[in-house]
Amino acid sequence: MSTKFIARDSEDIGDAITRSHIHEEIVTVTLADGVKIETALWWVSMRSESHLSTPIDRNEAGARREDVWGDDGQGGEFRLILVEASA
């Protein structure tokens, strides 16, 4: 099962990380309009002990998807799929 979130700020990313850890699931996070992958990765770094990421692809409009996983700093692991709303 995959849960979907919309991220407007670092707190939304923190909620997605917590959900992924607690429920041991991949959480798909659609970034709010104007939020880029780089910003979301910065938010992940603020909310996690460590993380790695790898690009997945771009859609026809140029919006990116990124696979992100790591240690939440509370004894658990998380995995997110970040999705830009638009290019």
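The values are calculated or read from the model by the stated rules, or taken from the named source; none is laboratory data. Every value quoted in this text rests on a predicted model; they were computed, and no experiment measured them. For neighbour counting, all protein chains shown are included, and Cβ atoms are generated from backbone atoms with ideal geometry for every residue, glycine included. Only protein heavy atoms, including side chains, enter the accessible area calculation; ligands, DNA and RNA are left aside. Shrake-Rupley method; radii C 1.70, N 1.55, O 1.52, S 1.80 Å.
Table for the structure above
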| quantity | calculated |
| --- | --- |
| Any hit, the stretch 16-27, residues being farther than 13 Å from Glu77 by Cα and at pLDDT 90 or above | no |
| Residue match in the stretch 48-71 (condition: in a helix (DSSP H, G or I), closer than 22 Å to Ser86 by Cβ, open to solvent by less than 40 Å² (accessible area, probe 1.4 Å) and free of Cβ contacts under 8 Å to residues at least 60 places away in the same chain) | no |
| Residues being closer than 14 Å to Ile13 by Cα and within 11 Å of the chain's Cα centre (by Cα) - total across the stretch 49-71 | 6 |
| Complete set of residues in the stretch 43-70 that are farther than 15 Å from Ala16 by Cα and hydrophobic (A, V, I, L, M, F, W, C) | Leu52, Ile56, Ala61, Ala63 |
| Complete set of residues in the stretch 1-45 that are hydroxyl-bearing (Ser, Thr, Tyr) and assigned to a helix (DSSP H, G or I) | Ser10, Thr18, Ser20, Thr39, Ser45 |
| Filtered residues of the stretch 1-40 (kept if among the basic types (Lys, Arg), loosely packed, with under 15 Cβ neighbours inside 10 Å and over 11 Å from Leu80 (Cα atoms)) | Arg8 |
